[in-house]
Amino acid sequence: MRQPFPPGFLWGCATSAYQIEGSPLADGAGVSNWHRFVRTPGRVLGADTGDVACDHYRRMKDDVALMRELGLTAYRFSIAWGRVLPEGSGRINAAGLGFYERLVDELLAHGITPMATLYHWDLPAALDDRGGWLSPDMPDWFADYAQVCFKALDDRVPMWTTLNEPWVVADGGYMHGVLAPGHRSAFEAAIVAHRLMQSHARAVQAYRAMGRNRIGLVVNIEPKHVPADASEQDRHAARLADAYMNRQYLDPALLGSYPEELSEVFGEAWPDWPAAEVEALKAPIDFLGLNYYTRAVVRHDAKAWPVPATAQRQPGGIYTETGWELHPQSLADTLVWMHERYGGLPLYVTENGAAFYDPPVAIDGRIDDPLRVHYLRTHIAAVQDAITRGADVRGYCAWSLFDNLEWALGFAKRFGLVHVDFSTQQRTPKASARFYADVIASHGAHL
Ligand code: PNW
């Protein structure tokens with residue numbers, strides 16, 4: 001028997017600024033690293049950009065009305081740093097900040113809890129020019145920016161997150177280079193990981209001094225499994241993969257230490273950080289956010305870098321359009337693992353969803369996306385399993401409210417519960433949006 005979802009459990013959708021807003025330079029905003037990256041030939045599929053995206057910056061009121069229609073009780077969005085501080089530090093741009101003030105007011109007027117993320121990958125280009133996440137000044141810049149946001153919005157925003165998926169920032173931006181700024185260096189990635197966690201800790205400390213609500217960290221976790229006939233070498237590779245992707249950020253933030261496997265993963269690129277500096281990465285947070293999409297079944301692979309492991313395709317598995325295996329059981333297991341390893345902190349699923357091929361809008365205006373409905377149903381049930389197994393899970397956000405700019409994959413991959421026609425900006429709720437609305441209306445009883 002599954003326990004019912006607790007009273008007050010939040011039902012949300014998540015988005016991020018650069019992926020949906022458009023109008024990247026409006027009202028005095030500064031250029032971001034992504035604004036540049038999408039203009040670098042060969043970086044983004046189809047040369048797609050966030051110049052218009054879902055035009056949410058201009059359609060915000062209608063979009064919040066749509067959230068209300070679906071019955072969302074929470075909305076997770078991110079703040080574009082360069083709208084607030086065009087040069088990344090120093091001068092505050094009141095007009096840019098004003099957009100988020102209006103968004104938050106609109107959400108509250110519709111009874112929707114705002115969940116604000118300070119950093120979802122769009123860095124002011126002016127800071128990138130000064131070293132970006134490699135710079136030892138980043139923790140100061142980030143803490144200053146965070147305080148501007150807290151000061152303006154903490155009276156209305158009950159839940160904050162510092163960083164979205166620090167692993168993706170370091171790995172995508174500085175190790176493999178598929179995301180902005182597109183560097184490829186293990187030496188840089190190790191430094192960036194450390195600067196990210198220093199910045200997180202500094203923002204949390206600033207919040208403890210001036211905030212009145214709750215602040216946390218959002219990580220992406222992908223459990224690393226091995227096949228039934230795994231060798232000791234396969235198992236070791238899986239442990240390295242787990243340390244690199246799943247514990248590299250949570251351990252310092254919550255336990256004040258880096259996983260010991262990281263020196264093997266990074267080799268000569270792993271800096272010998274002073275113990276006191278590592279201990280200082282630990283800061284008391286109020287909740288953890290989990291972005292969960294898939295698991296990986298890995299084998300040792302000497303050619304893979306930096307972790308000598310590659311994921312094996314599972315015969316009979318269901319795969320999404322981004323090549324991710326559907327595996328809801330791993331969501332339940334991950335929530336229980338986080339609960340046990342990190343001291344029973346309140347947990348939120350801050351992203352969960354799937355890109356599937358969607359049929360075109362039918363004549364009657366409906367879009368049937370049965371695979372996405374199946375994905376959501378099985379994963380929300382997995383959240384309920386985790387609650388039944390004792391994890392303190394307090395909310396769920398589907399990724400994503402809209403089809404949007406899937407970073408380097410452009411607009412080709414659709415994660416939305418709401419279809420967006422990018423030539424007309426017409427929004428059409430898919431069957432998955434209707435399904436989710438019914439789940440919300442029944443507080444999880446109609447799965
Ligand atoms: C997340 N991985 O990114 C991001 O937070 C979203 O902005 C993004 O649109 C969404 O997932 C869908 O991709 C991830 O390789 C990117 O494990 C890569 C991974 C995980 C999450």
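Screening the chain for whole DSSP H helices with an alpha carbon extent of at least 18 angstrom along the helix axis and a mean Kyte-Doolittle hydropathy of at least 0.5 yields 94-109. Highest mean packing comes first when the peptides 142-152, 266-276 are listed by Cβ atoms within 10 Å, giving 142-152, 266-276.
The chain gives an Rg/Rh value of 0.94, both radii derived from C-alpha positions and Rh following Kirkwood. In the chain, helices alone account for a calculated mean residue ellipticity at 222 nm of -10500 deg cm²/dmol, with every DSSP H run of four or more residues adding -39,500 (n - 2.57).
Of the beta bridges in the chain, as assigned by DSSP with both residues counted there, near 20 percent are antiparallel. In a reduced charge model with +1 at each Lys and Arg Cβ and -1 at each Asp and Glu Cβ, the chain shows a dipole moment near 680 debye about its Cα centre.
Each pair of Cα atoms in the stretch 165-229 enters the Kirkwood radius, and Stokes-Einstein at 20 °C and 1.002 mPa s then converts it into a translational diffusion coefficient of 157 µm²/s.
The coefficient of translational diffusion for the stretch 261-360, derived via Stokes-Einstein from the alpha carbon Kirkwood radius under 25 °C and 0.890 mPa s, stands at 145 µm²/s.
Across every pair of non-identical alpha carbons in the stretch 67-200, the mean reciprocal distance, once inverted, gives a Kirkwood radius of 15.5 Å. Note on the stretch 1-131: semi-axes of the ellipsoid equivalent to its C-alpha gyration tensor, largest first and rounded to whole Å, are 29, 17, 14.
Where both partners of a DSSP beta bridge lie in the stretch 308-430, what percent of those bridges are antiparallel, to the nearest 5? Restricted to the stretch 308-430, the bridges split so that about 55 percent are antiparallel. Using C-alpha pairs under 8 Å with a sequence gap of at least 6, the mean separation divided by the residue count of the stretch 342-447 gives a relative contact order of 31 percent. Cut-off 10 angstrom, C-alpha nodes, Gaussian network model of the chain. Which of Pro370, Pro284, Pro227 fluctuates the most? Greatest mean-square fluctuation among the candidates belongs to Pro227. Normalised per residue, the accessible area of the chain is 37 Å², obtained with a 1.4 Å probe and no contribution from ligands, DNA or RNA. Expressed as a whole percent, the accessible area of the chain that falls on carbon and sulfur atoms is 52 (1.4 Å probe).
The values are calculated or read from the model by the stated rules, or taken from the named source; none is laboratory data. Because the structure is predicted, anything quoted here is derived from the model rather than measured. Glycine also receives a Cβ, built like all others from the backbone with ideal geometry; neighbour counts cover every protein chain displayed. Side chains included, ligands, DNA and RNA excluded: accessible areas come from the protein's heavy atoms. Shrake-Rupley method; radii C 1.70, N 1.55, O 1.52, S 1.80 Å.
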